[in-house]
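Visitor: Provided herewith is a single structure, encoded as structure tokens, for subsequent inquiry.
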Amino acid sequence: MNFVKMIAVSALAGVAMMSSLHTPAFAAGETSQLTAEDAWARSRPASAKVGGAYVTLINNGKTDDRLIGAQSPVADRTELHTVEMQDGMMKMMEVKDGIPVPAGQTVALRPGGLHVMFMGLKETMEEGKTFPLTLTFEHAGDKQVTVQVRAAGAMKNMPHGSMNQGGSMNHGGSLNQDGTMGGGTMPHMGTDKGHMGQGEMQKQHSN
Amino acid sequence: MNKVFAYAVALLVIVGLTIAALVFTGVLSGPGQKSRSGIIAGAPQIGGPFELVNHKGETVTDKDFQGKMMLVFFGYTFCPDVCPTEMQTFVQTLDLLGEDADQVTPVFITVDPERDSVDVVREFVAAFHPAIVGLTGTPEQITQVKKQYRAYGQKANSEDKEYYLVDHTSFTYLMGRDGSLSTVFSYGTTAEEMAKVIREQL
Ligand SMILES: [Cu+2]
């Protein structure tokens with residue numbers, strides 16, 4: 001396993017070098033083109049030491065961006081996580097190189113994949129509560145959002161369906177109308193659902 | 001010159017990542033792999049005797065669950081994403097079954113007995129549905145039940161004593177009234193599908 005770790009570390013270093021070379025000159029006006037909307041979390045029992053939150057990131061700018069960190073007063077530690085499925089095994093892990101938010105696209109963090117992970121909760125995440133969350137982007141800098149705490153088993157990013165989704169719920173087929181995850185019993189599973197995070201990236205209507 | 005160097009590094013990185021991916025899949029192809037191909041109807045090797053502690057602190061065995069079907073999911077309460085999602089699918093399945101819901105016992109078995117005490121498990125299941133039974137036990141008891149169900153649960157980063165993550169089996173098992181395996185559902189199976197399969201066996 002150390003071998004794997006070593007490669008991963010050197011890979012990250014390499015990727016960092018690459019991206020630093022390709023960082024385009026950044027236009028000042030563009031910072032406002034990135035928005036974070038509908039931040040929410042599932043309520044957690046009083047004894048819970050960890051929790052997760054979801055948020056929709058919209059990049060209306062012309063520059064690719066990346067969510068590189070998060071912070072909140074409710075937890076000792078806040079990390080960016082994803083969930084991957086390998087051979088029927090569920091693996092939750094930190095995304096150390098951040099979550100890309102390409103220009104013109106919307107990236108939804110939602111159950112079964114990308115999430116903001118809180119470790120060492122200092123307050124109970126109780127249904128109905130709200131709490132602040134600061135998201136740090138590579139280019140857009142810090143964005144503060146208010147996280148709404150919903151039911152323990154809440155599934156949807158947008159409960160009222162009032163926002164223009166542009167049919168994006170159909171992409172990747174991971175969410176059904178009732179908010180449950182798509183799929184079937186195994187014989188019907190023709191497609192490889194290896195990545196639970198698939199379908200999170202959706203093209204936005206150009207404006 | 002720097003650019004050339006960077007591209008060379010990038011190339012090496014890609015090669016490295018590919019090797020890493022290969023090693024990863026090789027190392028981590030756990031016991032779950034065999035059951036990927038489909039519903040394993042009545043396979044005798046899954047299920048069997050266990051002794052655990054329920055969320056009320058009572059010692060229970062597989063015998064206590066017989067007479068009803070059992071819907072079993074292995075997870076851990078420190079998991080804020082996938083495990084609540086599966087519990088929500090259980091709740092929806094029970095809702096869809098309506099009056100027939102009492103023919104099936106939904107069961108959450110922790111793969112993290114060190115942190116998931118009786119109290120922690122009780123609070124976790126109570127947040128979803130009063131019918132859900134949460135089970136924990138000694139590490140030995142959990143190892144035993146995992147073996148019976150060919151379920152997997154392994155700390156991913158055990159060096160983090162407080163907030164380690166646990167990789168775990170994502171399947172949900174439907175057990176018949178006699179305790180033998182009926183159906184294995186892959187993660188992502190809808191409540192409608194589960195309710196349908198359960199109804200066929202009422
Ligand atoms: Cu997480």
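Visitor: Name, by its number, the condition in (1) within 7 Å of chain B (Cβ to nearest Cβ); (2) more than 16 Å from B:Y163 (Cβ to Cβ); (3) assigned to a loop (DSSP other than H, G, I, E, B) that does not hold for A:S47.
Guide: (2)
Visitor: For A:M93, are the conditions met, namely being more than 12 Å from the ligand (Cβ to nearest atom), touching a His at 6+ places or on another chain (Cβ under 8 Å) and of a type outside the set (D, E)?
Guide: No; evaluated as a whole, the condition is false for this residue.
Visitor: To continue, here is another question. Could you list, in sequence order, all residues of segment A:49-102 that are more than 27 Å from B:S117 (Cβ to Cβ), hydrophobic (A, V, I, L, M, F, W, C) and modelled with pLDDT of 95 or more?
Guide: A:V55, A:L57, A:I58, A:L67, A:I68, A:A70, A:L80, A:V95, A:I99, A:V101
Visitor: Are any of the residues in segment A:103-111 modelled with pLDDT under 95, away from the ligand (no atom under 15 Å from the Cβ) and crowded, with 22+ Cβ neighbours inside 10 Å? Spell out the reasoning first.
Guide: Filtering segment A:103-111 for residues modelled with pLDDT under 95 gives A:110-111.
Among the residues that remain, those that are also away from the ligand (no atom under 15 Å from the Cβ) are: none.
No.
Visitor: Oh, and also: What about A:R66, is it touching a strand residue (DSSP E or B) at 6+ places or on another chain (Cβ under 6 Å), assigned to a strand (DSSP E or B) and closer than 26 Å to B:G75 by Cα? Give the steps one after another, and end with the answer.
Guide: Details: touching a strand residue (DSSP E or B) at 6+ places or on another chain (Cβ under 6 Å): yes; assigned to a strand (DSSP E or B): yes; closer than 26 Å to B:G75 by Cα: no.
Here the answer is no, as A:R66 does not meet what is asked.
Visitor: Another question, then. Within segment B:107-162, how many residues are free of Cβ contacts under 8 Å to residues at least 24 places away in the same chain, part of a helix (DSSP H, G or I) and among the basic types (K, R)?
Guide: Number of matching residues: 1.
Visitor: Under the condition of being of a type outside the set (G, A, S) and within 16 Å of the ligand (Cβ to nearest atom), which residue from segment B:162-194 is surrounded by the most Cβ atoms within 10 Å (Cβ to Cβ)?
Guide: Of everything passing the filter in segment B:162-194, B:H168 is surrounded by the most Cβ atoms within 10 Å (Cβ to Cβ).
Visitor: Which of the following residues is modelled with pLDDT of 95 or more and not β-branched (V, I, T): B:A151, B:A195, B:A156?
Guide: Exactly one of B:A151, B:A195, B:A156 is modelled with pLDDT of 95 or more and not β-branched (V, I, T), namely B:A195.
Visitor: Can you confirm whether A:V55 is among the β-branched types (V, I, T), within 12 Å of the ligand (Cβ to nearest atom), surrounded by 21 or more Cβ atoms within 10 Å (Cβ to Cβ) and within 14 Å of chain B (Cβ to nearest Cβ)?
Guide: no
The values are calculated or read from the model by the stated rules, or taken from the named source; none is laboratory data. These numbers were taken from a predicted model, which means no experiment stands behind them. Cβ sites come from the backbone with ideal geometry, for glycine too, and all protein chains shown count toward neighbours.
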